[in-house]
1. What do you get for the angle between helix A:33-46 and the principal long axis of chain A? Use alpha-carbon atoms, 0 to 90 degrees, nearest ten.
2. Kindly express, to the nearest 10 degrees and within the range 0 to 90, the angle between helix A:232-247's C-alpha long axis and the longest C-alpha principal axis of chain A.
3. Sorted from fewest to most neighbouring beta carbons within 10 Å, what does the list B:126, B:208 look like?
4. Mind ordering A:32-40, B:128-136, B:93-101 by average Cβ neighbours within 10 Å, highest first?
5. Per 5 Å bin from zero, what fraction in whole % of the C-alpha pairs of chain B is there, up to the bin with the longest pair?
6. Kindly provide the pair-distance distribution of chain A built from C-alpha pairs, with 5 Å bins from 0 and whole-percent values in order of increasing distance.
7. How large is the Kirkwood hydrodynamic radius of region A:18-108, in angstrom, based on all distinct alpha carbon pairs?
8. If you take every DSSP beta bridge whose two residues both sit in chain A, what share of them, in percent to the nearest 5, is antiparallel?
């Protein structure tokens, strides 16, 4: 496959940045998207040019590092996958592919296609945990019975890998799908009830302080989420937040 | 509790509450207007009751005006805040791949509805307030009979106004097609009834504006 790549290049956080065109040939349809970028970078290095910087780690859809906005969609045109799981067979010979970083004020570009997702870490620090002593005296998992439906819903919420595709896809750069998944995974379980009020208030306050936009329920985040996190979590977070606001 | 309206979720909740109130008002408005198709007398009596009953005039009407203004102002405030959350736009963004046109363009459909509402207020509400509270005529009568039905008929004689109203209601339908379900989601109602509720929302979002369009066309052609 021969492709034209339009890639966002930005030297550092202060650089203005611009889209730069690259021609790449002999791309195998069986390559992953990141492997295709590896080939491009090899070519750039051989020519003495600066390679394209992009985030990646596990390359098996677990870590949430890869974060590319490909042809106008987070993680590209396929569903329920991260960029590292996207294969070049999804594209046609002669295609032009736009590759951009996540765009949000709360996710400033560090270099090229890498953004700073520290805002997610700070939201987690604000309340995305339970205060349980796990140092050697962990309770038996079945000591507290939990109904199957709640356990399943909590597990589904906990599959969020914090990649930020929800923010990138949302026309408002809202982080509500991410935050709601983190709130839900604890709100659905008895262990999460102790700090439930403070958790949702602190996490939402931190989310607002980071400069994310407001959810307008377009549902784009749910469609683009590589882990299929449901909008039901946002509704649950809304309920938890309203309940906590009136309570405390 | 004090800071709830300063939070993103609190603002969503307030938007949803004002939307619920406005959707109930639109339904009530339609219920009275459709009477004009079946019986001018019943329409006149209902209009006179709504126009003179103290609870409607001095409690519901101010709440309605506040609700309309709040919904529009909050809508524009949220739009500005949301635009500020993304300083650099994408070179290529494929919004249609993951969301409906209606959901992405609520500000535009809402903006056109605002223009329509201003014209609607100039057409009906301001003359009504003038007659009742400036001139002081609370009788609702003109030449010995109720004036409401004749005023309605006269307004829909010019084709340009009928066309304008039709366009206004099309934008209302587009707004409601997303807004109805969105309001329920914002108050945290997403459960086993959501699919049925969304189905009802589509019927409401298309049926009510279509009914208003029918009323405008009916009076234009039947007059």
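1. Here the helix axis deviates by roughly 40 degrees.
2. Rounded to the nearest ten degrees, it is 40.
3. B:126, B:208
4. Answer by packing, highest mean first, reads A:32-40, B:93-101, B:128-136.
5. 1, 6, 11, 17, 17, 16, 12, 8, 6, 3, 2, 1, 0, 0
6. Per 5 Å bin, starting at 0, the Cα pair percentages come out as 1, 6, 12, 16, 17, 14, 11, 8, 6, 4, 3, 1, 0.
7. One decimal place: 13.9 Å for the Kirkwood radius.
8. Of those bridges, close to 80 percent are antiparallel.
Just so you know, all these numbers are worked out from the coordinates, no wet-lab data involved. Values in this document were obtained by computation on a predicted structure and should not be read as measured data. Virtual Cβ from ideal backbone geometry, glycine too; neighbours counted across all protein chains shown.
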